[in-house]
1. Sorting check: for 65-74, 37-46, 83-92, which peptide has the highest mean count of neighbouring beta carbons within 10 Å, and how do the rest follow?
2. Evaluate the relative contact order of the chain (contact order divided by residue number), counting alpha-carbon pairs under 8 angstrom at least 6 apart; express in whole percent.
3. Under 1.5 on a/c is rounded, so check that first for region 57-100, then, if it is not, pick prolate when a/b is larger than b/c and oblate when it is not; a ≥ b ≥ c are the square roots of the alpha carbon gyration tensor eigenvalues.
4. Taking a label point 7 Å from the Cα of ASN31 along the Cα→Cβ vector, which residues of region 104-133 have an amide N closer than 13 Å to it?
5. At a 10 angstrom cut-off on C-beta neighbours, averaged per residue, how do the peptides 21-27, 110-116 rank from highest to lowest?
6. Averaging the inverse of every distinct alpha carbon separation and then flipping it gives the Kirkwood radius. What is it for the chain, in angstrom units?
7. How long is the gain from THR2 to ILE91 if the chain were fully straight, where each residue apart is worth 0.36 nm and the alpha carbon distance is subtracted?
8. Based solely on C-alpha atoms, express the radius of gyration and the Dmax of region 6-59 in angstrom.
Amino acid sequence: MTPIILAYIGIGLMIALAGIGSAYGVSFGGNASIGAMKKNSEAFGNYVVLSALPGTQGLYGFMGYFIISGTGVLTEAITWTQSSAVFGAGIALGFVGLLSGIRQGQVCANGIEGIGSGHEVFGSTLILAVFPELYAILAFAATFIISGTL
């Protein structure tokens with residue numbers, strides 16, 4: 001295996017895992033929204049916001065690729081050290097995006113169910129949904145810092 005292959009495996013995992021986390025997260029929110037609209041369709045705007053929130057993890061994975069590709073290191077001249085850094089960043093951002101997207105979707109789905117039942121929990125749900133998001137932001141920031149060392 002050449003170093004460029006390892007780097008691109010890391011990039012692929014970064015994008016794929018973070019995207020999968022977002023897909024699951026927004027699906028949880030969408031499913032909860034459909035159930036909640038049967039009880040309270042007037043809060044559709046709140047449902048959309050909470051359903052879309054876990055989609056950011058996939059964006060972080062995609063932006064991670066652009067951050068790394070902007071360094072110009074993704075060429076045949078990449079060293080093993082550089083490719084290992086890209087691979088490590090890909091694993092870190094990918095898995096954090098996967099898990100935080102899923103868990104954020106679950107938090108949002110519970111809030112959507114609460115809103116559908118007539119409770120005023122939109123603001124509280126947004127605040128609580130920020131906690132899993134924080135870890136995705138930290139993983140993206142780590143990817144940015146790693147790209148600066150390439």
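1. 83-92, 65-74, 37-46
2. Working: 272 pairs, mean separation 57.5, N = 150.
Here the relative contact order equals 38 percent.
3. Numbers: a/c = 4.28, a/b = 1.75, b/c = 2.45.
Oblate is the answer for region 57-100, as a/c is 1.5 or above yet b/c matches or exceeds a/b.
4. The answer is 105-107, 109-110, whose backbone nitrogens lie closer than 13 Å to the label point.
5. Working: 21-27: 23.9, 110-116: 22.0.
Averaged packing, sorted descending, gives the order 21-27, 110-116.
6. Working: mean 1/r = 0.0631 Å⁻¹.
The answer is 15.8 Å.
7. Values: separation 89, 0.36 × 89 = 32.04 nm, distance 1.82 nm.
Length gained between THR2 and ILE91: 30.2 nm.
8. Final numbers for Rg and Dmax: 14.6, 50 Å.
Just so you know, all these numbers are worked out from the coordinates, no wet-lab data involved. Computed from a predicted model, the values in this text were never measured in an experiment. Don't worry about glycine lacking a Cβ; one is built from the backbone with ideal geometry, like all the others, and counts go over all protein chains shown.
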